[in-house]
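Beneath this line is the structure, given in C-alpha cells, with notes to follow.
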Amino acid sequence: MADWDTDKFMSEWDKKYVSTNVKPGAPTYSKEFFLDLHTDLTTSHPELKGFNDAIILITGPARATACCAVSRADVVGRFFDDITADANPGDSEETFLRLREAITIAFPYVGMPTCIPACYGMIGVVQRKGEAYASTLVLRNGTITEQDARKGNVLRSRIYKRVGNSEIFGLKDHYFTDLCLRSNCI
C-alpha cells in the first residue's frame, strides 16, 4: 500500500479526482480504524468473511470516518489499497469486484455523485499497481430490456405479496413513472 500523502502519483490522483469535494474539517482516513473494523467484523462474524469489506464501504460506521452512504467515498480507494496491500493479483481482483458491486448496488440509493470518488480512488490504485489487480468482468447487459422490467415487476409482486398496502405501487407508478420503472428493473 502506498502512503497517499507521500506517494507522488497517489497524492496527485487523490487531489485531482478523489477528494475534490471533501468538506473542510472532515476526518482524515485512518488506516488503523478501517483495518481494525475489517478484522473485528471478520472475527466476530466469520460467515461474513469475503463480504465484510463491501459492508464497510456501503454502510460505514455511524460516528467515525464513513463511506458511500455518508458522503465519504473518498476513503474507499485508500481502504481498497490497504486491504489488498499484500494481495496477489487474483485476490485483489476478487476484492475489486466485490467492492465495485457494492458501489454499483449502493449508487441508486445514495446517488452517483456520492459514489464517484470511490470509483476514482479504486481506479487510482489500479493505475499504480496494474490492471491485473482489478476486474473488468461485465456482470449485466448494457441495455435494460422489456424482459428486465417484467422480471422486476414479478419479483416486486412476490416480495410485497403479503403487504397490506400494495395500492401504493399503483400510485407510485402514476406519479413517479420513471422512478417506478427503473426501480423495478433487474
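If you take all other residues with their beta carbon under 11 Å from the beta carbon of residue 148, and give Lys and Arg +1 and Asp and Glu -1, the sum is +3. Distant-in-sequence amide contacts of residue 135, defined by a placed amide H-H separation under 5 Å and a gap of 5 or more residues or a different chain, comprise 97. For the stretch 87-181, the relative contact order is 30 percent, taking Cα pairs closer than 8 Å that sit 6 or more residues apart in sequence and dividing their mean separation by the residue count. The Cβ shell under 10 Å around residue 31 holds other residues with a net charge of -4, Lys and Arg each +1, Asp and Glu each -1.
Other residues whose C-beta falls under 11 angstrom from the C-beta of residue 181 contribute a net charge of -2, scoring Lys and Arg +1 and Asp and Glu -1. Each label point was placed 7 Å from the Cα along the Cα-to-Cβ direction; for residue 11 and residue 109 their separation is 3.7 nm. Taking 7 Å steps out from each Cα toward its Cβ at residue 40 and residue 179 produces label points 3.5 nm apart.
No value in this document is a laboratory result; all are computed from the given coordinates. From a predicted model like this one, the values you see are computed outputs, not experimental measurements. No Cβ is skipped: glycine too gets one built from the backbone with ideal geometry, and neighbour counts run over all protein chains shown.
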